[in-house]
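The values are calculated or read from the model by the stated rules, or taken from the named source; none is laboratory data. All figures in this text were calculated on a predicted structure; none of them were measured in a lab. Note that we place each Cβ from the backbone using ideal geometry, even for glycine, and neighbour counts take in every protein chain shown.
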Amino acid sequence: MTVNDKKSISIVVPVYNEEKGIASFHNSLIKVLNKIDIDFEIIYVDDGSSDNSLSIIKQINDNNIKVVVLSRNFGKEIALSAGVALSHNQGIIMLDGDGQHPVDLIPEFIHKWRSGADVVIGIRRNSKAQSFMGKINSIIFYKFFNFISSQKIIIGSTDFRLIDRCVADEFNQLGEQNRMTRYLIDWLGFERQFVEFDANEREHGEATYSTRKLIDLAINLIVSSSPKPLYLFSYLGVLICFLSSLLGVSLIIEQLILGDPLNWKFTGTAMLGILVIFLVGIVLMSQGIISLYISRIHDQSKERPLYVIDIRKSVGFNNQKILKHKS
Ligand code: UDP
Ligand code: MG
């Protein structure tokens, strides 16, 4: 795609219970977009909000808006996928609807795209908006993930991204159910550039990515990207077996053969007990890990579509296209 082709952009905004902030978010977004020489559409993906977000978005009087309404809360990652799949423009920007991703940087994203990047990635520089625990969580998460996976994630990289049409087309082909958008885009590759930013404070409402959700996300990511946990636990199993047999053998020698010169006074039952506990532990751990993988296979084998769109409520789409789209 040449620079001259890069004339239209879709902004995909996942929205979940953002009634307080969404109108002012929209205003600041429109202000920035109007200053750039580009055709744009804004696709709001209502991810099953239970507040008034949807009616507020629908009240916005603007031809450039499309609204996709998911039939329930599917989570941000899937909401983003829905928005990307339904966008038509030559570039797509993903943006949080809570105002934490600074819209003022959109011109810089577009500039980098026009100067040759296929993927422009927002890197969170400092995280004044992030709690202490949040920071610890993400450092542990990145370190642990990069240790375990062959594909590295850049520290601070976010979903605030611009992707070219060619990347979006490939992204739409990916069918996994348990998905993390930024990981999949990283996996796709293409020409990348970066824009650093300071995340804004969330002005209204609360971040819905709880520690629990983050842990779920991390587990999904690790299981879908690397079989290493399986190996790790097998190694651990081997190690425990080795140590316990060593212990067992030395006890037998010390106690039964040499007649307990060190005065350990271990009974046979205690020995057996220790061994059995070790072995049961190994079996349970490896079974737990295997079951994680099996549950992914199970999810995938159901071949459900990634999301369900409520066509009656959505605005601005050709229904045929919505019906046809499957993961
Ligand atoms: N979001 C969503 N579905 C969800 C949770 C969040 O679409 O289940 C949206 C939310 O409205 C916001 C963005 O995803 O626009 C980021 O969410 P949040 O601020 O909760 O996450 P964080 O800032 O902690 O990454
Ligand atoms: Mg947020």
>> So PRO227 passes all but one of these: (1) of a type outside the set (D, E, K, R); (2) touching a Leu at 6+ places or on another chain (Cβ under 9 Å); (3) at pLDDT below 80. Which condition number does it fail?
In response: (2)
> From SER24, SER49, SER71, SER53, which residue is loosely packed, with under 15 Cβ neighbours inside 10 Å and within 16 Å of ligand 2 (Cβ to nearest atom)?
Replying inline: SER24
> Would you pick out the residues in segment 74-98 that are within 15 Å of the chain's Cα centre (by Cα) and within 16 Å of ligand 2 (Cβ to nearest atom)?
Replying inline: GLY75, LYS76, GLU77, ALA79, LEU80, MET94, LEU95, ASP96
> What are the pairs, 6+ residues apart or on separate chains, where a residue within segment 139-159 that is over 25 Å from HIS101 (Cα atoms) has its Cβ under 9 Å from a residue that is of a type in the set (A, V, I, L, M)?
Replying inline: PHE144/ALA218; PHE144/ILE222; ILE148/ILE222; ILE148/LEU232; SER149/LEU221; SER149/ILE222
> What are the residue pairs meeting all of these: first residue in segment 12-28, first residue over 14 Å from ILE106 (Cα atoms), second residue more than 10 Å from ligand 1 (Cβ to nearest atom) and of a type in the set (A, V, I, L, M), Cβ atoms under 6 Å, and 6 or more apart or on different chains?
Replying inline: GLU19/ILE56; ILE22/ILE56; ALA23/ILE56
> Of these, ILE38, ILE22, which one is away from ligand 1 (no atom under 16 Å from the Cβ), in contact with a Gly (Cβ under 9 Å, 6 or more places away or on another chain) and farther than 18 Å from ALA85 by Cα?
Replying inline: ILE38
> Would it be correct to say that ASN17 is in a loop (DSSP other than H, G, I, E, B) and buried (at least 19 other Cβ atoms within 10 Å of the Cβ)?
Replying inline: yes
> Which of the residues belonging to segment 88-98 are more than 10 Å from ligand 1 (Cβ to nearest atom) and either among the hydrophobic types (A, V, I, L, M, F, W, C) or surrounded by fewer than 24 Cβ atoms within 10 Å (Cβ to Cβ) (or both)?
Replying inline: HIS88, ASN89, GLN90, ILE92, ILE93
> Would it be correct to say that GLY122 is out of contact with any Ser or Thr (no Cβ under 7 Å at 6 or more places or on another chain), modelled with pLDDT under 95 and of a type in the set (Gly, Ala, Ser)?
Replying inline: no
> Hey, among the residues in segment 99-127 that are part of a loop (DSSP other than H, G, I, E, B) and either free of Cβ contacts under 8 Å to residues at least 40 places away in the same chain or within 13 Å of ligand 2 (Cβ to nearest atom) (or both), which one's surrounded by the fewest Cβ atoms within 10 Å (Cβ to Cβ)?
Replying inline: SER127
> When segment 167-199 is examined, which residues are found to be among the aromatic types (Phe, Trp, Tyr) and outside any loop (DSSP other than H, G, I, E, B)?
Replying inline: PHE171, TYR183, TRP187, PHE194, PHE197
> Does SER81 satisfy the criteria of being away from ligand 1 (no atom under 14 Å from the Cβ), out of contact with any Pro (no Cβ under 7 Å at 6 or more places or on another chain), part of a helix (DSSP H, G or I) and of a type in the set (Ser, Thr, Tyr)?
Replying inline: no
> Is it true that LEU33 is within 16 Å of ligand 1 (Cβ to nearest atom), touching a residue at least 60 places away in the same chain (Cβ under 8 Å) and on the phi < 0 side of the Ramachandran plot?
Replying inline: no
> Looking at segment 148-165, which of the residues that are assigned to a strand (DSSP E or B) and more than 15 Å from ligand 1 (Cβ to nearest atom) is surrounded by the fewest Cβ atoms within 10 Å (Cβ to Cβ)?
Replying inline: ASP164
